[in-house]
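Derivation of every value follows stated rules applied to the coordinates shown; laboratory data play no part. Remember, it's a predicted structure, so these values are computed and weren't measured experimentally. All Cβ positions, glycine included, derive from the backbone under ideal geometry; neighbour counts span all protein chains shown.
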Amino acid sequence: MLIQLLFGFSKLRPYEKLCLEAFKEHPSPAAAEILQKQLEMHDYVKRKCKDKLVIFYCLKNPAYQNWPLDIKFPMRDEDISVAQIFLNVKEKEKSFDIRADIYLHMGRLCSIEFNESPKFAKNAKIEVNRVWILADPMASRSVKTIPQQADNSYRRPENL
């Protein structure tokens, strides 16, 4: 498609896939199934701000009007960060961390926002350090809670 060639792509980069796979492992199986269905519906990925912002689109249905309700999360908040994924990047002799926030908008996957540009990490070894679930996407409304680490222990992030 000409639009994709000019402005974006339909394929996720390995570190983006890693973030989404890490998120899929931690909410309920129903949430993971909804996320997978949404990923199959999105056909366009736009990257901005030196790839710090990854936005998901459905060009076939840009207003999302024909999306069945069963592939939207019950949480229908405007914009909410549902998870933080902490990645460790190892490149040659350097090692550093990057945080990725996964956002939902009106019940659908909207974006991944990185605190640092991951663009340079294309050929680096990247591992998930930890996953914090910030909100349950299967809840009908958001409840502000202390982030839940994947192992079900609670730790407050330093930056809150």
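Spin-label point model (7 Å from Cα, Cβ direction): what's the residue 65 to residue 130 distance in nm?
Computed distance between label sites residue 65 and residue 130 equals 4.5 nm.
What trypsin sites (Lys or Arg not before Pro) in segment 114-143 are in a loop by DSSP, with at most 11 other Cβ atoms within 10 Å of the Cβ?
Working: sites: 119, 122, 125, 130, 141; in loops: 122, 141.
The qualifying sites are 141.
Shape of segment 1-123 from its Cα gyration tensor (a ≥ b ≥ c, root eigenvalues): rounded if a/c is under 1.5, otherwise prolate when a/b > b/c, or oblate? If you can, show how the numbers build up before the last one.
Values: a/c = 2.12, a/b = 1.35, b/c = 1.58.
Oblate is the answer for segment 1-123, as a/c is 1.5 or above yet b/c matches or exceeds a/b.
How high is the FRET efficiency between residue 95 and residue 25 when r is their beta carbon distance and R₀ equals 22 Å, given to the nearest 0.05?
0.40
So what is the relative contact order for segment 81-124, in percent, with contacts set as C-alpha pairs under 8 Å and at least six apart?
The normalised contact order for segment 81-124 reaches 35 percent.
All other residues with a Cβ under 13 Å from the Cβ of residue 27 taken together, and with Lys, Arg as +1 and Asp, Glu as -1, what is their net charge?
-3
What is the sum of charges, Lys and Arg at +1 and Asp and Glu at -1, for the other residues whose Cβ falls under 13 Å from the Cβ of residue 37?
Net charge around residue 37: 0.
So who's got an amide H within less than 5 Å of the one on residue 59, skipping anything under 5 residues away but keeping other chains? H placed 1.01 Å off N, in plane.
43, 44
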